[in-house]
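What follows draws every value from the coordinates through simple rules; no lab data is involved. Predicted, not measured: the structure shown is a model, and the values here were computed from it. Quick reminder, even Gly has a Cβ in these numbers, built from the backbone with ideal geometry, and neighbours come from all protein chains shown.
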Amino acid sequence: MFSIRGDSPASDSSPTPPPSESGGGGAKIVILFVLVVALIAATGYLFVQVTQTRSELAQTREALLDEISKIHETSAVSTQTSRRSVDSLKADVDAARRQASQLAGQAKIDAEKHAEELAANLQKVQQEQAQKVSAVTAEVSQVKDQASAANTKISEVSTDVGNVKTEVASTRSELEKTIAQLKATQGDLGVQSGLIATNGKELAALKALGERNYVEFRLGKTKGPQKVGDISVLLKKADPKTNRYTITVIADDKTVEKRDKTVNEPVQFMLAKASQPYELVVNDVKKDLISGYVAAPKVQQTRNQN
């Protein structure tokens, strides 16, 4: 600086600058000096700031590193915990899946078993139903056959009934004719007799008429009397040539002999329990044998005895 402003031997010969020019150069120098000082101060300040900033950055870096380290540790612990949780959950899920698979398999087995049981029961029920249907069908067929046979039989019975009705009508007509031909006569006691049958056909007509009780007999000669209804009869004589006979009638502990009676003659005798006489009629006389019937009143009561 001084070299710039130093004196030289030739300075005396140099013209002296004007006062205004020498004062201006000093001011510039001062300004320049101030600027330099300000620059130096600013540089120092900046240096201090940079140093302080570096220190703060270093502290911040260390703090960040510590924080990052802590974060790493926390992250590692969290990651490990999470991994363990995930592994545990995965194990639980796998176990659950295995259990579900086992349960599904068992459920499938149970379902198949149940389905088989249902199918077996269904088949059994179907077989039973088929047997029942077959039995019912057989019964229905049998019933149809029986119904057909019954219808046929009913038809036959209807025909038979018609025939019977015809026969009954014919028989009734014959019976009426036969009864119309029968005659009433007076008995040996002087009491008016009822209708007298002379043969089996007429006797059947009297039985059908139902006015008296009829007991047929066929008596041969015996040592003792024979029972005919409510009485006993002993044949003593039978003459087929004259159609006459002699008998002994025992009734109410009384013995009455009827001598020389003829065929179809009503032989009358009284019993204590009847108000009308009993009648004995002989229709046929053979050697030592007579046959006919005894007609007894239907009303049996005690008659008045004086």
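Residue ranges 199-205, 266-272 sort as 266-272, 199-205 when ordered by packing (mean number of other C-beta atoms within 10 Å per residue, highest first). Partners of Lys113 within straight-line reach, counting lysines whose Cα lies under 18 Å from its Cα and excluding those fewer than 8 residues away in the same chain: Lys124.
So which of Lys207/Lys237; Lys221/Lys254; Lys227/Lys273; Lys221/Lys298; Lys201/Lys223; Lys236/Lys273 end up more than 25 Å apart by C-alpha? Show your work: numbers first, answer last.
Values: Lys207/Lys237 29 Å; Lys221/Lys254 20 Å; Lys227/Lys273 18 Å; Lys221/Lys298 30 Å; Lys201/Lys223 32 Å; Lys236/Lys273 27 Å.
Too far apart for the 25 Å limit: Lys207/Lys237; Lys221/Lys298; Lys201/Lys223; Lys236/Lys273.
Cross-link partners for Lys90 among the lysines, with Cα-Cα distance under 27 Å and sequence neighbours closer than 8 places in the same chain left out: Lys108. Each peptide among 58-67, 209-218 gets the average number of other Cβ atoms lying within 10 Å of its residues, and from highest to lowest they stand as 209-218, 58-67. Treating r as the C-beta distance of Val86 and Asn121 and R0 as 51 Å, the FRET efficiency rounds to 0.50. Calculated FRET efficiency, Lys207 to Glu128, Cβ-Cβ distance, R0 = 45 Å: about 0.10 to the nearest 0.05.
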